[in-house]
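Peer 1: Take a look at the following structure, please.
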Amino acid sequence: MSQPDLTLVQVPEPSQIRSRQALERLLAAGEELLANNQFEEASVADIASQADSSVGTFYRLLGDKETLSLLLLQRFMQRLVEATASLRDAGAGCQNLAEGVRLLTDTYIDVYTGRRGVLRAVILRASRSTAFRDRVHQLNTHISETACDCLAPYMDQVLHDNPRQAVASGVQMVLGALNQHTVTGTLGGLPANALRNEIARLLLGYLRGPR
């Protein structure tokens, strides 16, 4: 299965170690500002200062704030693709549908954890840009198809007239719930330490529910 093209911006990787470290600090600073809902009002000088860098280094490595913003979104989406790819091999080690479901839900919870600001930015940009929204749809389709492949050995345990459709739909419901939990910090009052069990139960209950 081919991976979706999630390229939003091209930023050459610095050849020098010091420059690569500076770029990582700038990305970390940008992500922290997104998490605190301060990215929009932050100046390039603010971001550079928070990253223990200089304005000159910022412009040399990134060019402008828009490039930094797009690069942060791109990295988050690439993390989702990488996590999804890891499911192919890991899924073979599961013994049944319940274990496969837990693998899926834990994988995406790990990616979403601590990404509140970036996820909020993804949702906001998708609401404003048709082109970006299309990229998100491609990513969601890729995730659903891979989830179906991961759970393929256990489809006979899925109580639905169309097991693949049920898995694809169920995974998107899980991602929607994680969007809610990550952005708002809550999911119907669910404590953070109960999230993993309840999300896994949500998907497993749907797949094992009445036809």
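Peer 1: What FRET efficiency would be calculated for the residue pair Gln138, Asn36, taking the C-beta separation as r and a Förster radius of 35 Å, to the nearest 0.05?
Peer 2: Efficiency at R0 = 35 Å is approximately 0.75.
Peer 1: Then there is this: Give the calculated FRET efficiency between Ser169 and Ile123 to the nearest 0.05, with a Förster radius of 22 Å applied to their Cβ-Cβ distance.
Peer 2: 0.65
Peer 1: For the chain, report the % of Cα-Cα distances exceeding 30 Å.
Peer 2: 31
Peer 1: Return the equivalent ellipsoid semi-axes of the stretch 17-63 as a descending list in whole Å, where each equals the square root of 5 times an eigenvalue of the C-alpha gyration tensor.
Peer 2: Result for the stretch 17-63: semi-axes of 17, 11, 8 Å.
Peer 1: Next question. What is the spin-label model distance, in nm, from Gln180 to Asp161 if the labels are put 7 Å beyond Cα along the C-beta direction?
Peer 2: Modelled inter-label distance: 2.7 nm.
Peer 1: How big is the charge dipole of the chain about its Cα centre, in debye rounded to the nearest 20, if each Lys and Arg gets +1 on its Cβ and each Asp and Glu gets -1 on its Cβ?
Peer 2: Taking the Cα centre of the chain as origin, the dipole is about 200 debye.
Peer 1: May I ask you to compute the full-extension gain from Glu13 to Asn96, defined as 0.36 nm times their residue separation minus their alpha-carbon distance, rounded to one decimal in nm?
Peer 2: The Glu13-Asn96 span can extend by a further 25.7 nm.
Peer 1: Ok, one more. Rank-order 147-154, 119-126 by packing density, defined as the average count of other C-beta atoms within 10 Å over each peptide's residues, highest first.
Peer 2: Ranking, from highest mean packing down: 147-154, 119-126.
Peer 1: For a quick check: sort His181, His142 by the number of other beta carbons within 10 angstrom, fewest at the front.
Peer 2: Fewest to most other Cβ atoms nearby, the residues stand as His142, His181.
Peer 1: Could I ask something else about it? Taking a ≥ b ≥ c as the square roots of the eigenvalues of the Cα gyration tensor of the stretch 111-158, is the shape rounded (a/c under 1.5), prolate (a/b larger than b/c) or oblate?
Peer 2: In terms of gyration-tensor shape, oblate.
Peer 1: Going by average Cβ neighbours within 10 Å, how do the peptides 157-164, 170-177 rank, with the highest at the top?
Peer 2: My ranking of the peptides, most packed first, is 170-177, 157-164.
Peer 1: Report the residues of the stretch 19-33 in range of a label on Ser49: point 7 Å along Cα→C-beta, backbone N strictly under 20 Å from it.
Peer 2: 22-23, 25-33, by backbone N distance to the label point.
Peer 1: Tally Lys/Arg at +1 and Asp/Glu at -1 over every other residue whose Cβ is under 13 Å from the Cβ of Tyr112; what's the total?
Peer 2: The answer is +3.
Peer 1: Given the C-alpha centroids of the stretch 1-80 and the stretch 122-179, what is the distance between them in whole angstrom?
Peer 2: Measuring centre to centre over Cα atoms gives 28 Å.
Peer 1: Using mean Cβ contacts within 10 Å as the protection proxy, how do 75-84, 10-19, 182-191 order, highest first?
Peer 2: 75-84, 182-191, 10-19
Here, each number is a calculation from the coordinates, and none is a lab measurement. All values derive from a computational prediction rather than experimental measurement. Reconstructed Cβ throughout: ideal geometry from the backbone, glycine too, with neighbour counts over all protein chains shown.
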